[in-house]
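Trainee: One structure, as structure tokens, below. Some questions next.
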Amino acid sequence: MTEKVKPLKTPKFKFSLKSKALKRVIISTVIVAILAGAGFGIYRFVQGRKNQNQTIAQRTARVTRGDITVSVTGSGPIESAQSVDLTSTVSSTITNVFFKDGDSVKKGDVIFELESQDAKDKIDSIKSQIDDVNSSIADVQESIKNLVITAPISGYVKNLNVQEGDRVSKGSTVLTIIDTSKLKVTLPFSAALFGKVKIGAPAVVYIPDISQSIQGTVSYLGNTTYTNDYGGKVFDVEITISNPGALQEGMKASAEIKVGSEVYLSTQDATLEYVDKENVKAKVDGEVEEIFARNNQFVEKGAVLLKLSNDDLSKQLKNYQTQLKNLQDQLNDAEDNLENYYIKAPFDGVVTNINFKKGDNIKAGEVLATVFDNKNLVFRVDIDELDIAKIKVGQKVNITVDALPETQTNPLTGKVAKIPLVGTTQNGVTTYSVTISIDNPKDLKIGMNANAEIIVNQKQDVLMVPLEAVQKFGNRYFVFVKSSSQNSFQEGQTGGFFPQGGFGNNQQSSAQGSQNWRQRWQQQEGSSTESAQQSGNSQSRGSWSQNSQGTGSSSQLRTRRMTSLLGSSYYKGAVLRPVEVGINNDSYIEIVSGLNEGDIVVLPPLSTGSTSTQTQTQQGFNIMGGFGGPGGGMPGEFRQFRQNQSSTGTRNQSSGSQGSNTNR
């Protein structure tokens, strides 16, 4: 079943003027609208003519001499260069606390003393063991020394009864040394002589075997009398004689001693003995390794007679030395451990946050207090990655402190103390926390906010102009200079666009030079445009162009801008002069060559409104001419500048956010 749809009917409206009054109202309204539109158009026409007739006042500046300082700024809170939490490495009881919160301490001062008797006892025990081992080492070393047998006196070797390879025992006699030059005899004398004779008195000794008498000397007196075999009272007298050569030990002898007019004879005979006679004995066990003497050989005192060997002694010495080293290491560890019971200040400073008192038990690792260095203060500033290469350790820093207003006029000084190797990246920007040390932190408190001006470059007594006076075209820099007899320009051998006599001393030469310059610029840009069209987006080759990829339209735009710039009435009476620039900050730039002190340069015009501002930007009237800032020495960061001149004494202070003030 099909349903038919009927088409909609369009309503019809009819309008009719039913009264003459309504018609008059409509006509009046139309007339008023026409008159209002005409009036607005006339107003716009008049205003446009008025603005067109307005002229912008030319801004100028003089080339002066002064000081240029290039710096990077930043700020941060002041902190101690050193701050250490004092902790104990042992568990113990606090026996003494020698300081209180806020006290000044010197390096090495004991702040806490802990109970340490066990540690001291351990040290005493180890020291006792060390003494025993040292004694054993001394004994073994003496035994090793005694393996070499030397002559105790000068004399003749007798009774040498050992051979190489024989083993000898400690205490056994290996030979005898006799000094035959002197002999002695001990004789009894009557008690009547007792007390009358003295040591050193002369005596006469009779030797029946050789029928000779020999002069001698009393060398010893007995201190008591005794009864001899015959019942008489006697005492002993020792007499020493020199051997004329024939005397031998064992010969009989008697003697007489004269005291005053009386002569006393010995009551009995006695046998002669050598005064010096030594039985040389082995002091250690050993094997005869080498013999250096023979029987009846005369040897001097100290001469080597025999050499023994004993490997056991060498082994004992090595073992004892190993024990000693181990004990010494244990002692060092024990003494180091004892130091742990004395908590000392690691450096000069102030102690604070003392958390314990005498009698408190502490555990190893607990923080007992904090010591900070209140004499050496630092703060850290974040330096942008674009500026960090300019920062060097040791660079001078001017410092102001928000809490100390006087530092605004008399800044504190400091230096760059530390530059980190690794930066911190956030939101695609990397900064480096540079440490600034403060030279004289008097009146400063930890936590105060400090501002740093890091001096990265500084030149004194240089020619300079306002930064905005310099224009950059391509890779070269120019300044508009007021025309005068001394301001004529010769391009020379630079290969640029100015012909010889391009901007002369009069309007005619100046105009002709400008015309020639524009023609050469257009020819250069034209060839660049043609080349660009042939090779695609290639780099513009005009020596006055931007260092960027150019197209035909961009080259034409630069040509129009340059032509407009040179033809602007604002720069009337000025010539464009090339200059060599040096360092700069945000206010001034150094002129290395191209200008003289006293020259007058033309600054870009000030904006008179949004329209004129836009026009100026298109024409290149913005700072640096709108063709890019100076390369090398012309960074983008805001800088701080201080001009020191007797005439002005001006200080220009740049502004920026905390850290390195850099325009990206």
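The values are calculated or read from the model by the stated rules, or taken from the named source; none is laboratory data. Owing to the predicted nature of the structure, the values given are computational and were not obtained by experimental measurement. Glycine also receives a Cβ, built like all others from the backbone with ideal geometry; neighbour counts cover every protein chain displayed.
Trainee: Can you go through Val367, Val378, Val350, Val422 and tell me which one is touching a residue at least 24 places away in the same chain (Cβ under 8 Å), out of contact with any helix residue (DSSP H, G or I) (no Cβ under 7 Å at 6 or more places or on another chain) and in the same structural domain as Ile446 (by the TED database)?
Mentor: Working: Val367 fails: in the same structural domain as Ile446 (by the TED database); Val350 fails: in the same structural domain as Ile446 (by the TED database); Val422 fails: touching a residue at least 24 places away in the same chain (Cβ under 8 Å).
Just one listed residue meets the conditions, Val378.
Trainee: Then there's this: Would you be able to tell me the number of residues in region 250-273 that are closer than 27 Å to Thr173 by Cβ and in contact with a Leu (Cβ under 6 Å, 6 or more places away or on another chain)?
Mentor: Selection size over region 250-273: 3.
Trainee: Condition first: under 33 Å from the mean Cα position of the chain (by Cα), surrounded by fewer than 18 Cβ atoms within 10 Å (Cβ to Cβ) and in a strand (DSSP E or B). Now tell me which residues in region 80-97 satisfy that.
Mentor: If the condition is that a residue be under 33 Å from the mean Cα position of the chain (by Cα), surrounded by fewer than 18 Cβ atoms within 10 Å (Cβ to Cβ) and in a strand (DSSP E or B), then Ser83, Val84, Asp85, Thr87 are the ones that fit.
Trainee: Test each condition in (1) in the same structural domain as Pro441 (by the TED database); (2) in contact with a strand residue (DSSP E or B) (Cβ under 6 Å, 6 or more places away or on another chain) for Lys358 and report the one that comes out false.
Mentor: (1)
Trainee: In region 200-251, which residues are free of Cβ contacts under 8 Å to residues at least 40 places away in the same chain and assigned to a strand (DSSP E or B)?
Mentor: Listed by number, the residues that qualify are Gln212, Ser213, Ile214, Gln215, Gly216, Thr217, Val218, Ser219, Tyr220, Leu221, Tyr226, Thr227.
Trainee: Return yes or no: is Ser19 at pLDDT 70 or above and polar (S, T, N, Q)? Walk me through how you get there before you give the answer.
Mentor: Values: at pLDDT 70 or above: no; polar (S, T, N, Q): yes.
Criteria not met by Ser19.
Trainee: Okay, moving on. Only one residue in Gly365, Gly349 is of a type outside the set (A, V, I, L, M) and touching a Phe, Trp or Tyr at 6+ places or on another chain (Cβ under 7 Å). Which one?
Mentor: Details: Gly365 fails: touching a Phe, Trp or Tyr at 6+ places or on another chain (Cβ under 7 Å).
Residue meeting the stated conditions: Gly349.
Trainee: Further question: Check off (1) without any contact (Cβ under 8 Å) to a residue 12 or more places away in the chain; (2) touching a strand residue (DSSP E or B) at 6+ places or on another chain (Cβ under 7 Å) for Gly428 and give me the number that stays unchecked.
Mentor: (2)
Trainee: Tell me, which strands (runs of 3 or more DSSP E) wholly within region 352-462 include 3 or more residues that are surrounded by 14 or more Cβ atoms within 10 Å (Cβ to Cβ) and touching a Pro at 6+ places or on another chain (Cβ under 9 Å)? Spell out the reasoning first.
Mentor: On the way: elements: 367-372, 377-384, 396-401, 412-418, 424-426, 429-438.
Filter on region 352-462 gives 377-384, 396-401, 429-438.
Trainee: Among the residues of region 205-233, write down those that are buried (at least 17 other Cβ atoms within 10 Å of the Cβ), among the β-branched types (Val, Ile, Thr) and in contact with a Gly (Cβ under 9 Å, 6 or more places away or on another chain).
Mentor: Within region 205-233, Val205, Val218 qualify.
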